[in-house]
Amino acid sequence: MAKTLEELEHNACLYWPSHLIEVVAETNLVPILLKTQDTFLSILKASDKEPYAWLNTLKHSSTLSPNLFLKHLMILTDVGSERLQRISKDFDKIFPQKQMSFIWKGQAYVHHFAKQRSSWTNKTLFVDKSLLFKEVELNSDMIDVVMLLLWAGNALHHQHIPQEIIERCVIGSLLGQSEALEKFVKQRYIFVSKITGGSTANDLGHACEAYTRNFLTTQLGKKVELQGHSLENISHNDKDLTSFDIVLKHKESQLAFAIEISFQVTTNSVIERKAALAQPRQKLLHQYGHKVIYVIDESGNFQ
């Protein structure tokens, strides 16, 4: 058992395990998008020879699936499933010739949309949260949507294409401009992280609590029972009982374990608050024969 921070850091799993990331992905996409951002960028940077170069680059990627590549583009362009469904519904009006002409580096190109087309939904495009870890082959609908998101901003004869699509789908024009492309993607994800940060931390917190609770109750079985979020007599102000993330009590000894979970994605203020309360809580719990346990991850807490 680790006795010092150095021993703990050496033996611990410092980053979220993949199985827990998959659980989190069910409720929030930001962690997995940020984890694969560099791979996504590298594919775009290597796809600057011609407008379809991304197909071959993506095909040879072992770390980024086609549906996750598409999800990155949907997030970066802010074109979600509702908008794609509407475009799919109005497809014949928007693209009466079943094709999209666009210009890149002074040369005109034409993308011919698939003759057989399904409704562009999260499920048919395999970008639903529950499907992002599913191994899928790139299909014609996914190719059509990728080409739309990459090149609609460069479209010719675009009088029927919604203006917001033209304004948002400009990533293709940045291919071949490595610095500009990276700046666009990084800045866009800063924006995405800001608008989802609060819910992300909340979702991650619930996932981590659920994982910890299930792990302990499974391993300890009938020896322990959940006690809500507080313990009798444990209070710092003689008014309200002190709240903990998880409370377990051993049925025979009546010894309780108050568990606090603190991880890097939370704000610094949360980490600092829990750190400041650590010693007073330990002292108070020890007075009644109870123990306190911390589940933490690396940099924010170790610092």
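The values are calculated or read from the model by the stated rules, or taken from the named source; none is laboratory data. Remember, it's a predicted structure, so these values are computed and weren't measured experimentally. As a convention, Cβ positions derive from the backbone with ideal geometry for all residues, glycine included, and neighbour counts pool all protein chains shown. Note: areas computed on protein heavy atoms with side chains; ligands, DNA, RNA excluded. Shrake-Rupley method; radii C 1.70, N 1.55, O 1.52, S 1.80 Å.
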Have a look at segment 122-161 and give its Rg and Dmax from the Cα atoms, expressed in angstrom.
-> 13.0, 38
Qualifying aspartates and glutamates (Cα of each under 16 Å from Cα of K183; at least 8 residues distant if same chain) | D38
Protein-only accessible surface order, largest first, of E260, E225, E9 at 1.4 Å | E9, E225, E260
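For every other residue with a beta carbon closer than 14 angstrom to the beta carbon of L138, add +1 if it is Lys or Arg and -1 if Asp or Glu, then tell me the sum.
Working: positive: K59, K71, K134; negative: E135, E137, D141, D144.
Net charge around L138: -1.
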What lysines could a cross-link reach from K98, if we take a straight Cα to Cα line under 28 Å and drop same-chain neighbours fewer than 8 places away?
-> K49, K59, K71, K89, K115, K123
Express the relative contact order of segment 22-130 as a whole percentage, based on alpha carbon pairs under 8 Å and six or more residues apart in sequence.
-> 27
Specify whether the C-alpha gyration tensor of segment 49-104 places it in the rounded, prolate or oblate class, a ≥ b ≥ c being the square roots of the eigenvalues: rounded for a/c under 1.5, otherwise prolate if a/b is larger than b/c and oblate if not.
-> oblate
Which of the aspartates and glutamates could a cross-linker bridge to K105, judged by Cα under 18 Å and excluding same-chain residues fewer than eight apart?
-> D48, E50, E179
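Let's see if you can work this out: charge +1 on each Lys and Arg Cβ, -1 on each Asp and Glu Cβ, no other charges. What is the dipole magnitude of segment 130-175 about its Cα centre, in debye to the nearest 20?
Details: 2 positive and 6 negative charges, 24 e Å.
Value, rounded to 20: 120 debye.
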